[in-house]
Amino acid sequence: MIWIELLVVLFFIFLGSKMGGIGIGYAGGAGVVVLTLIFGLKAGSVPVDVILIIMAVISAIAAMQKAGGLDYLVHLSEKILRKNPKRVTFIAPTVTYWMTLLAGTGHTAYAALPVITEVAKEGGVRPSKPLSISVVASQIAITASPISAAVVIFASFLEPLGVSYLQLLAVAIPSTILACLVGAIVANKLGKPLAEDPEYQRRVAAGLVKAKSQENYKDSKEAKRSVGIFLVAIILIVTYASMISKKVGLIENPMIGRNEAIMAVMLLAATVIALVCKIKMNDITSMSTFKSGMSAAICVLGVAWLGDTFVSNHIEEIKSAAGGVLNEYSWMLAVVLFFASMLLYSQAATTTALMPAALALGVSPIAAIASFAAVSALFVLPTYPTLLAAVEMDDTGTTKIGKYVFNHSFIIPGVVTIVSSVIFGFILGGLIL
């Protein structure tokens, strides 16, 4: 029966991926109905904290976007990129990485992709090189962001095992940064030079390649203030989380927990941005970041709930079947997370659904942290929004989806980056933990 139930889970994940977008959340909820009412399983836990953190963070980011903060960040990114267009393959992923790290969501990459494309063309660099690794960097940075739902929920799983929030970040941030550098080196070697690419030559001849720029951009005090307020909020969150951690212990018996503090501070930041920058509240819900973020919350709700329903009802069978293998070959957890995330389409959902089971099976905290980056394999199936956006924005035709689904521009840089991060994670984890 367990295999039939697993097939049900996989069917609804596949159905959701085919529906696209918010559909995977819908299908996940439908799968819970089937598993509980038809197969008689007890409903798993709803990832409430993850969903609420996503909602709170996105509400603050949407307020910052309305105030012009995201445009201002993109403007700063453009200035950095244009200083050395020949090295755009290395600078671009650094930009998208830090934007995601600070914002806690990879959706901020949308705004930077057009700039990356134009700077690459100006420097004579094949756009697929910086675009591919930039999309991957924006995804893997989620596993290092102090305010991402995936990191926060994973930290809550690790704390009972004696690993603090700060120790998790101390391993995750440097390992993912180094991995992105390795990925950029590999991406820089892929494909023909832009001038020699036949598709690019065809498009130039047809007048399909055009130059775009943000030269007319004018920043405002409101935009700068919104970014400043958001950065202060992140500093407050990290500082408070450090002070209440058992390792630091500056605040004993805190009145508000870390997860709740993140939600409260993000809502406070949104309030201050709205008041200081005088933005219309009704406009916030129409922001692209708000829409994509709320869609992500629904996806996490459905898919993580579905996964937990199956795992929680069969944890003993899973332990007996996989416990020995994972204990002996701990790196196998990264492989499991890799394939799960390419179907679940969410770092937070994959973390919530599988990490508790992995830790219950006896996987060491070091192995779990090192494998954490593998929840970012959202690039494998060429249907993720930022991946599709990069393809659409590259009018040179060098960034593409291949005939055989998996042979697209992002697969090699992405796999190299995740494998590198896992290796660096094991090395750094052994030194820090």
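The values are calculated or read from the model by the stated rules, or taken from the named source; none is laboratory data. These numbers were taken from a predicted model, which means no experiment stands behind them. Glycine gets a Cβ as well: all are built from the backbone with ideal geometry, and neighbour counts include every protein chain shown. Calculation scope for accessible area: heavy atoms of the full protein, side chains included, ligands and nucleic acids excluded. Shrake-Rupley method; radii C 1.70, N 1.55, O 1.52, S 1.80 Å.
Scanning segment 294-304 for residues that are small (Gly, Ala, Ser) and either modelled with pLDDT of 80 or more or outside any helix (DSSP H, G or I) (or both), we see that the one that is surrounded by the most Cβ atoms within 10 Å (Cβ to Cβ) is GLY302. For segment 36-47, does any single residue satisfy the condition of being open to solvent by less than 20 Å² (accessible area, probe 1.4 Å), touching a helix residue (DSSP H, G or I) at 6+ places or on another chain (Cβ under 9 Å) and either free of Cβ contacts under 8 Å to residues at least 12 places away in the same chain or assigned to a helix (DSSP H, G or I) (or both)? No, every residue in segment 36-47 fails to be open to solvent by less than 20 Å² (accessible area, probe 1.4 Å), touching a helix residue (DSSP H, G or I) at 6+ places or on another chain (Cβ under 9 Å) and either free of Cβ contacts under 8 Å to residues at least 12 places away in the same chain or assigned to a helix (DSSP H, G or I) (or both). Give the residues of segment 83-99 that are surrounded by fewer than 24 Cβ atoms within 10 Å (Cβ to Cβ), polar (S, T, N, Q) and assigned to a helix (DSSP H, G or I), sorted by residue number. Within segment 83-99, just THR94 meets the criteria. Checked against the criterion of being outside any loop (DSSP other than H, G, I, E, B), modelled with pLDDT of 95 or more, more than 30 Å from GLU316 (Cα to Cα) and of a type outside the set (Gly, Ala, Ser), the candidates VAL422, VAL416, VAL391 yield just one match: VAL416. The set of residues in segment 245-262 being touching a residue at least 40 places away in the same chain (Cβ under 8 Å) and surrounded by 13 or more Cβ atoms within 10 Å (Cβ to Cβ) consists of SER245, VAL248, ARG258, ASN259, ILE262. Among the residues of segment 1-29, the ones that are open to solvent by less than 60 Å² (accessible area, probe 1.4 Å), part of a helix (DSSP H, G or I) and either touching a residue at least 24 places away in the same chain (Cβ under 8 Å) or of a type in the set (Lys, Arg) (or both) come to 14 in all. For SER242, the conditions (1) within 24 Å of GLN167 (Cα to Cα); (2) modelled with pLDDT under 80; (3) exposed (fewer than 15 other Cβ atoms within 10 Å of the Cβ) all hold with the exception of (3).
So that you can scan it fast, the table gives a plain yes or no per residue for (1) touching a Ser or Thr at 6+ places or on another chain (Cβ under 9 Å); (2) at pLDDT below 80:
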residue: PRO254; (1), (2): no, no
residue: ASN282; (1), (2): no, no
residue: SER286; (1), (2): no, no
residue: LEU306; (1), (2): no, no
residue: VAL325; (1), (2): no, yes
residue: GLN347; (1), (2): yes, no
residue: ALA360; (1), (2): no, no
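If you go through segment 247-280 and keep only what is more than 13 Å from MET64 (Cβ to Cβ) and of a type in the set (Val, Ile, Thr), you end up with VAL248, ILE251, ILE256, ILE262, VAL265. For the structure I just gave you, tell me whether LYS291 is under 20 Å from GLY23 (Cα atoms) and charged (D, E, K, R). Answer is yes for this residue.
Scanning segment 345-366 for residues that are more than 21 Å from the chain's Cα centre (by Cα), without any contact (Cβ under 8 Å) to a residue 60 or more places away in the chain and in a helix (DSSP H, G or I), we see that the one that is nearest to ALA144 (Cα to Cα) is ALA357. Do we find that ALA370 is within 15 Å of ILE142 (Cβ to Cβ) and touching a Gly at 6+ places or on another chain (Cβ under 8 Å) in this structure? It is false that ALA370 is within 15 Å of ILE142 (Cβ to Cβ) and touching a Gly at 6+ places or on another chain (Cβ under 8 Å). Scanning segment 63-82 turns up no residue that is open to solvent by 40 Å² or more (accessible area, probe 1.4 Å), charged (D, E, K, R) and not in a helix (DSSP H, G or I). Scanning segment 327-345 for residues that are at pLDDT below 85, more than 27 Å from GLY23 (Cβ to Cβ) and open to solvent by 50 Å² or more (accessible area, probe 1.4 Å) turns up ASN327, GLU328, TYR329. Summed over segment 263-283, residues that are open to solvent by 20 Å² or more (accessible area, probe 1.4 Å), among the β-branched types (Val, Ile, Thr) and assigned to a helix (DSSP H, G or I) total 4.
Can we say LEU52 is open to solvent by 40 Å² or more (accessible area, probe 1.4 Å) and at negative phi? Answer is yes for this residue.
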